[in-house]
1. With a/c under 1.5 counting as rounded, go ahead and sort the range 1-84 into rounded, prolate or oblate using the C-alpha gyration tensor (a ≥ b ≥ c being the square roots of the eigenvalues; past the cut-off, prolate if a/b is larger than b/c, else oblate).
2. Can you sort Phe163, Phe80, Phe42 from fewest to most other Cβ atoms within 10 Å of each residue's own Cβ?
3. Test of understanding: given the chain, find the longest segment containing no GluC sites (Glu not before Pro) that are in a DSSP loop and have at most 15 other Cβ atoms within 10 Å.
4. Counting Lys and Arg as +1 and Asp and Glu as -1, what is the net charge of the other residues whose Cβ lies under 13 Å from the Cβ of Ser165?
5. Could you size up the charge dipole of the chain around its Cα centre, putting +1 on the beta carbon of Lys and Arg and -1 on that of Asp and Glu, and report it in debye to the nearest 20?
6. If you compute Rg and Dmax of the Cα atoms in Å for the structure shown, which of [x] 21.5, 73; [y] 20.7, 60; [z] 20.6, 64 do you land on?
7. Rg to Rh ratio, the range 185-380, alpha-carbon atoms and Kirkwood radius?
8. Using the Cα centre as the reference, give the magnitude of the dipole from point charges on the C-beta atoms of the range 185-380 (Lys, Arg: +1; Asp, Glu: -1; all else neutral), rounded to the nearest 20 debye.
Amino acid sequence: MKVLVLGAGQLARMMSLSATHLDIQVSAYDVGTESIIDPVTFIKSELSLAEAISQADAITAEFEHIPDDVLSVCERSGKFFPGAQAIKTGGDRAIEKALLERAKVPCAPYKIITEKSHFLDAISSLGLPLVVKTCQAGYDGKGQWRVKSEQEIEAIWSEMNAFLSSGTALAPHTIVAEQMIPFDREVSIIGVRSKSGEVKVYPLTENQHTHGVLTLSIAGKEKSEIQQQAEQAFSALSSSLNYVGVLAIEFFDVGGKLLVNEIAPRVHNSGHWTQQGCHASQFENHMRAVTGLPLGDTRLIQPTAMINVLGQSCIPTAVLQVAGTTSHWYGKSAKPGRKMGHINVSAKDLSALGDALSKLADILPEQDYPGVESTAKLLKGD
């Protein structure tokens with residue numbers, strides 16, 4: 001079988017690597033260069049997008065910000081999963097909020113903003129502090145403001161207004177203001193839904209972010225009642241979208257109650273641990289779902305942590321000396337803050353995982369790999 005992925009980054013690469021043993025050939029459409037490439041070798045094909053669509057058995061996507069004309073032609077093929085509406089929902093927070101309301105899945109109180117009066121009303125009704133986010137074009141902490149005092153309102157509105165004004169009649173820009181919720185931690189759920197509506201869900205993942213970018217994830221800590229809340233949200237949202245493939249949902253944990261932060265209609269950074277932590281990774285299960293194959297086992301094999309490699313020119317080979325550790329490199333040129341690869345480490349229990357992270361902390365500098373040492377101490381009970 002052949003699968004065409006819209007987007008040619010590391011997620012397409014990992015989908016391709018996960019699919020070879022299933023006899024699935026993966027090609028990718030590079031939206032920037034409008035060319036078809038191999039996402040592992042980066043070799044360019046002479047195929048046009050139309051020809052690649054014609055040859056594909058299934059089409060999917062690795063990110064949300066895909067031009068409407070590309071989404072439309074893929075949707076018309078009848079091969080596109082999870083489909084144009086799901087991708088647009090993940091790429092527009094206003095559409096996403098409407099989905100959450102429709103599916104009756106809780107999130108922080110919010111207001112949609114298209115003019116200054118809406119902004120002032122949000123401040124009045126939701127109170128300060130506020131988290132303000134662009135509904136389009138925001139990711140990894142970009143396109144966000146924190147309004148903490150009335151003295152900041154005019155300056156922040158000036159920046160917000162510039163974003164709103166950059167929209168067009170065909171592609172208007174909007175902004176969402178959310179009540180700032182004092183949460184205990186951030187968690188996410190990765191699940192997969194088949195064409196027949198079968199659902200399988202991975203264990204909930206606890207996530208740590210630095211400057212809005214994911215730096216560390218841990219799977220294997222969760223209690224059943226928290227897991228159940230996350231699974232209910234996954235079932236409601238995936239059913240509402242008639243979803244096919246892997247869907248990620250990020251939550252704030254507020255005293256044991258989960259509030260959705262955002263959704264991602266694709267394989268997700270916080271699910272990379274599944275490559276070593278489960279029998280079937282999120283990448284393999286996404287390929288299985290979109291091609292109509294039976295879904296794979298999502299049960300946890302053993303507690304696993306994922307460490308993001310951001311902006312580094314390589315992964316220190318010394319990490320491979322630590323038992324249970326696997327490195328994943330994306331083959332990209334290094335830039336500050338860029339996701340270059342990740343490190344997965346697994347152990348028989350959480351205490352042993354803490355021991356492994358402690359050894360990795362001796363190799364990985366804190367300034368480049370924040371949170372590894374402190375997480376190790378927490379897991380070991382130090």
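Nothing in this text is a laboratory measurement; each read-out follows from the coordinates by a stated rule. Note that the structure is a prediction, hence the values are computed from the model and not measured. Cβ sites come from the backbone with ideal geometry, for glycine too, and all protein chains shown count toward neighbours.
1. Judged from the Cα gyration tensor, the range 1-84 comes out rounded (a/c under 1.5).
2. Ordered from fewest to most neighbouring Cβ atoms within 10 Å, Phe163, Phe80, Phe42 come out as Phe42, Phe163, Phe80.
3. No qualifying site falls inside 199-365, the longest such stretch.
4. Within the 13 Å Cβ shell, the charges total -1.
5. Here the chain has a charge dipole of around 420 debye.
6. Answer by label: [y].
7. 0.96
8. 380 debye
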